[in-house]
Amino acid sequence: MVMPDGLDAIDARLIEQLQGGFPLSARPFQAAGGRLGLAEAALIGRLRALLQNGVLTRFGPMFQIERLGGRFVLAAMAVPEARFDDVAAVVNALPAVAHNYRREHRLNMWFVLAADSAAAIDAARQGIETVTGLTVRAFPKEREYYVGMRFRVGGASPVGAAPTSAAAGEAATLTEADRRLIQATQAGLPLCSRPYQAVGKALGLSEDDVLARLAAWLEQGVIRRIGAVPNHYAIGYRANGMAVFDVDDAAVDALGERLGGLDAVSHCYRRPRCLPDWPYNLFAMVHGQNRSAALAALAEARALLGEACRSHDILFSSRILKKTGLRL
């Protein structure tokens, strides 16, 4: 394994083992550090440095926004090169924009709109169109087949994880205390010896109450996982592409489930076509150490889909414009 600049073997082990399963206990960093052979303070210090250096983007609960009553929509624009940076600044300034990427395609700006209602999503979309004069194409999720992956430092052989289904279950009923707890933790946990106690103290909740609520949400699928979110570019995944496929509607659900099982796939969804020039209804994010690895993953995906797939493409990400996570 080639170690990315600035990381050592201990960092690598920490990143790989703490992408999920972070303890729900009074001294979680002590418990997690024990499994890694690190003292509590040493683990906290390393996590703080990895966050400050951009190797990790967050550390804490990853909430499933739709289970919280929220909405999110993938959107894209064809932005003239001369205006690209100005348009990116406009889009990124909106609180409703969670992620924004430049991709190698005529539709060269892809972002996620997140809000608490469909009306708010539509208002954000229309606002972008009004300010920029450009058409925003919306690709709402119709079905989720897979979300998850454990990235390995160095960019080689990512490890698939058990599929999670956003479609399962209705939106959770939230109290005001629930909402405040989500808002306090969705950007990450405090890096201190008793993070759940610290969160509770700020909200007027006991440590036990915070732990019980988080444990229940994890069981219900409101929280996908608790742990580290790596910046996959920083840990060696230099080729990251959105693979898209035009798959027969009668076969897309069965094939989407299978496609989500490939090791190199981190997200897999069914989304609407946008005819006449966007025939694709199956979307999958694939990751590789380099383009050859990503293209090999694409070839594996294409072979799996067989004759039901009429055409395909891959839109490589060339620049992260914004990445804040989906927020309530």
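The values are calculated or read from the model by the stated rules, or taken from the named source; none is laboratory data. As the structure is a prediction and not an experimental result, all values here were calculated from the model. Because the Cβ atoms are built from the backbone with ideal geometry, glycine has one as well, and the counts that use them run over all protein chains shown.
Report, by residue number, each residue of the range 299-325 that is surrounded by fewer than 20 Cβ atoms within 10 Å (Cβ to Cβ) and outside any strand (DSSP E or B).
Residues satisfying the conditions are ALA299, GLU300, ARG302, ALA303, LEU304, GLY306, GLU307, ALA308, THR324, GLY325.
Check GLY20, GLY45, GLY60 and return the single one that is assigned to a strand (DSSP E or B) and within 21 Å of GLY188 (Cα to Cα).
Criteria check complete, one pass: GLY60.
Conditions: (1) of a type in the set (A, V, I, L, M); (2) touching a Gly at 6+ places or on another chain (Cβ under 9 Å); (3) surrounded by 20 or more Cβ atoms within 10 Å (Cβ to Cβ). VAL229 meets all but one. Number of the miss?
Result: VAL229 passes all but (3).
Name the residue that is modelled with the lowest pLDDT, counting only residues in the range 150-192 that are over 16 Å from the mean Cα position of the chain (by Cα), of a type in the set (Gly, Ala, Ser) and within 21 Å of ARG13 (Cβ to Cβ).
Result: SER157.
Could you list, ordered by first residue, the pairs with Cβ atoms under 6 Å in which the first is in the range 176-190 and closer than 15 Å to GLN52 by Cβ and the second is at pLDDT below 95, at least 6 apart or interchain?
Listed pairs, sorted by first residue: GLY188/ARG58.
From ALA234, ALA215, ALA228, ALA202, grab the single residue that is in contact (Cβ under 8 Å) with a residue 12 or more places away in the chain, hydrophobic (A, V, I, L, M, F, W, C), assigned to a loop (DSSP other than H, G, I, E, B) and within 28 Å of ILE182 (Cα to Cα).
On the way: ALA215 fails: assigned to a loop (DSSP other than H, G, I, E, B); ALA228 fails: assigned to a loop (DSSP other than H, G, I, E, B); ALA202 fails: assigned to a loop (DSSP other than H, G, I, E, B).
Only one candidate passes the filter, namely ALA234.
Quick check: anything in the range 270-292 of a type in the set (A, V, I, L, M), assigned to a loop (DSSP other than H, G, I, E, B) and surrounded by 21 or more Cβ atoms within 10 Å (Cβ to Cβ)?
Within the range 270-292, not a single residue is of a type in the set (A, V, I, L, M), assigned to a loop (DSSP other than H, G, I, E, B) and surrounded by 21 or more Cβ atoms within 10 Å (Cβ to Cβ).
I'd like to check something: does the range 70-86 contain any residue that is touching an Asp or Glu at 6+ places or on another chain (Cβ under 8 Å), outside any loop (DSSP other than H, G, I, E, B) and either of a type in the set (Lys, Arg) or more than 23 Å from ARG225 (Cα to Cα) (or both)?
Yes, the range 70-86 has at least one match.
For ALA264, only one of the following conditions fails: (1) modelled with pLDDT of 95 or more; (2) of a type in the set (Gly, Ala, Ser); (3) buried (at least 19 other Cβ atoms within 10 Å of the Cβ). What is its number?
(1)
For residues that are farther than 16 Å from GLN17 by Cβ and free of Cβ contacts under 8 Å to residues at least 40 places away in the same chain, scanning just the range 42-76, find the one that is surrounded by the fewest Cβ atoms within 10 Å (Cβ to Cβ).
Applying the filter and picking the extreme gives GLN52.
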